[in-house]
Amino acid sequence: MLILLIRHADAGDHDPALWPDDTLRPLTDKGRRRHRRVARRLRRRDLTPTLLLASPWLRAWQTALLTAEVARGPAPVACPALAATPTVESIARAAGPQPPDAIVALVGHEPWLGQLASLLLTGSGAALTVDFPKSGVLGIECGALAPAEGALSFFWRR
């Protein structure tokens, strides 16, 4: 299976005056435009997700909706495990059993996506540091969603 780790699109800077609850900070127009390009690239490369899990935080959810719309994938499913320090087990439970040809997209936040990439690739959340830009996509080939089971396939920085 291919795991697509997708960092949410640009949502501007954290501003407690505008968004006292940072989980409700929306995407910027610039973020929407850039992420549409990323989602078109997914579609052109035949990387349309078969399952799309997203953090319930607004900016990740909006990114997942754009991904589904533009890449022509399934509707996103809320996955609270993508808005916390990751455990591969919680993500695997949320994804459920997947066929070998599945493309599972996980839309979330930093530093958690970088830690999840490190877990999947090395077995440790701290063994690898990933400079994960907004709307970045990291592809990991996995036989199973389990620690140290992945191999890096690609990393799009935009």
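The values are calculated or read from the model by the stated rules, or taken from the named source; none is laboratory data. Only a predicted model underlies this, so the values are computations on that prediction, with no experimental measurement involved. Glycine gets a Cβ as well: all are built from the backbone with ideal geometry, and neighbour counts include every protein chain shown.
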Look at region 1-51 and say how many of its residues are surrounded by 15 or more Cβ atoms within 10 Å (Cβ to Cβ), closer than 27 Å to residue 120 by Cβ and among the polar types (S, T, N, Q).
2
For region 133-145, give me the residue count where each residue is modelled with pLDDT of 95 or more and assigned to a loop (DSSP other than H, G, I, E, B).
4
Hey, can you tell me all the residues within region 100-158 that are touching a Lys or Arg at 6+ places or on another chain (Cβ under 9 Å) and among the basic types (Lys, Arg)?
134, 158
Just to be sure, is residue 147 surrounded by fewer than 23 Cβ atoms within 10 Å (Cβ to Cβ) and out of contact with any strand residue (DSSP E or B) (no Cβ under 9 Å at 6 or more places or on another chain)?
yes
Of the numbered conditions (1) assigned to a loop (DSSP other than H, G, I, E, B); (2) of a type in the set (Ser, Thr, Tyr); (3) under 19 Å from residue 153 (Cβ atoms), residue 124 fails exactly one; give the number of that condition.
(3)
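Being closer than 24 Å to residue 118 by Cβ, at pLDDT 95 or above, within 14 Å of the chain's Cα centre (by Cα) and not β-branched (Val, Ile, Thr) narrows it down to one residue among 11, 83, 39; which is it?
After applying the criteria, what remains is 83.
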Go through region 57-76 and give me each residue that's surrounded by fewer than 13 Cβ atoms within 10 Å (Cβ to Cβ) and within 12 Å of the chain's Cα centre (by Cα).
none
Kindly indicate whether residue 88 is touching a residue at least 24 places away in the same chain (Cβ under 8 Å) and crowded, with 22+ Cβ neighbours inside 10 Å.
no
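Here's the yes/no breakdown for (1) free of Cβ contacts under 8 Å to residues at least 24 places away in the same chain; (2) among the aliphatic types (A, V, I, L, M):
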site: 13; (1), (2): yes, no
site: 17; (1), (2): yes, yes
site: 21; (1), (2): yes, no
site: 27; (1), (2): no, yes
site: 30; (1), (2): yes, no
site: 45; (1), (2): yes, no
site: 52; (1), (2): no, yes
site: 56; (1), (2): no, no
site: 63; (1), (2): no, no
